[in-house]
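I have placed the structure first, in the form of structure tokens, so that the comments after it can refer back to it.
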Amino acid sequence: RWGARIGDAKKMRVPAIQTPMLRRGTQALLRRGLVAFSAVAAPRHDYYMLRHGESLANVAGVISSNPSVATVEHGLSEAGRAQAGLAAEQFCALARERRVAIFSSDFLRARETAAIVAARLVTDEGNTRVHTGGVILEERLRERCFGDFDGRGVEHYARVWEEDRADGTHTHFGCESVASVAERTSGLLAHIEESLPALPAGIGNGGIENGNANAENGDGNGDTSGNEPWLVLLVAHGDVLQILQTVALTLEPKLHRTIAHLGTAELRKIERPSALNEAYAEYIEYYDRQLDRGWKS
């Protein structure tokens, strides 16, 4: 584990890699891994997570993790809508004069939460620019599958979490493993890091991006040299977001229940071990150069 062994990062020197020229396909595979590592360890953008507001499943006290049900049922309760509205106000305060991208689980309760935030940004006078004009739905943010316990009482969560503490790869009760959730969510971060367009600093149009060439390229002349970070909001579910937070902190994902519980409609910054970021960035820059050179030293 890099985080546990990196020590005094500034004094560490990366040895040159003496390896033959790699095949193009292998280089592409390694670069994807490098991007995924970079997205978690030294991201370019600022990330916040928002758990959905209180849902009808929360009110009923049942687990709702089956996509065929949860994408069309178990939306927000009235209290949940009010919670989402308060979270939207909080996020708007952060988003003023910023470029914002909102990614959400496609489960109904998360979609409705994200839509409330996006609608509030549209009416806010904070000169916020929203990528694609609204919410981007992402299956990689779906609730963790709870297998045999889906549709049953929330007291069954504890049985799964007990197994999680012992083994992050377990799939007991037909549940999705912690490792699987960590892999898909960190993969999403890598995708976001690669896909969000770079725009000149200070961009603000008082409204919403319309997805045209000028919006994507800043001035319409293909300038993507900007370095101002996007403000990224991930709207999802408790286990999914807490597992992602452990990954960002370079903790073992099976320890996700040691992270402070994320309440309904709670907005929280995704924290990272800041002391390591500089070292991670140096390693990533070095190995990226090596890939450009075909791993020749």
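The values are calculated or read from the model by the stated rules, or taken from the named source; none is laboratory data. Model, not experiment: these values are computed from the prediction. FYI the Cβ positions are ideal-geometry reconstructions off the backbone, even for glycines, and counts take in every protein chain you see. Remember, those area values only see protein heavy atoms, side chains included, never the ligands or the DNA or RNA. Shrake-Rupley method; radii C 1.70, N 1.55, O 1.52, S 1.80 Å.
Residue-wise HN-Hα couplings along region 48-59, as the Karplus relation 6.51 cos²θ - 1.76 cosθ + 1.60 with θ = phi - 60° gives them from phi, are 10, 10, 9, 6, 4, x, 3, 10, 5, 5, 4, 4 Hz; Gly and Pro carry x. The string of couplings for region 243-254 from the Karplus curve (6.51, -1.76, 1.60, θ = phi - 60°) is 5, 4, 5, 5, 4, 5, 8, 6, 8, 5, x, 5 Hz, one whole number per residue in order, with x for Gly and Pro. Taking amide H positions as modeled 1.01 Å from N, with prolines and chain starts lacking one, the residues under 5 Å from residue 77 and 5 or more places away or on another chain are 55, 56.
Close amide H contacts of residue 151 (hydrogens built in the peptide plane, cut-off under 5 Å, sequence separation of 5 or more or a different chain): 63, 64, 65.
With all protein chains kept in place, the per residue accessible area of region 80-152 amounts to 39 square angstrom at a probe of 1.4 angstrom. Amide H contacts under 5 Å for residue 136: 102, 103, 104, restricted to partners 5 or more places along the chain or on a different chain, H placed in the peptide plane at 1.01 Å from N. Site pair residue 268 and residue 59 shows an inter-label distance of 2.6 nm when each label is modelled 7 Å from Cα along Cα→Cβ. Sequence-ordered 3J(HN,Hα) estimates for region 162-178 from the Karplus curve with 6.51, -1.76 and 1.60 and θ = phi - 60° stand at 5, 5, 4, 4, 7, 7, x, 9, 5, 10, 4, 6, x, 7, 6, 6, 4 Hz, glycine and proline given as x.
Using Cα-Cα distances under 8 Å and only pairs 6 or more residues apart, what relative contact order does region 48-91 have, in percent? Spell out each step's value before the answer.
On the way: 31 pairs, mean separation 21.5, N = 44.
Value for region 48-91: 49 percent.
Against the criterion of solvent-accessible heavy-atom surface with a 1.4 angstrom probe, 267, 137, 255 sort, most first, into 137, 255, 267.
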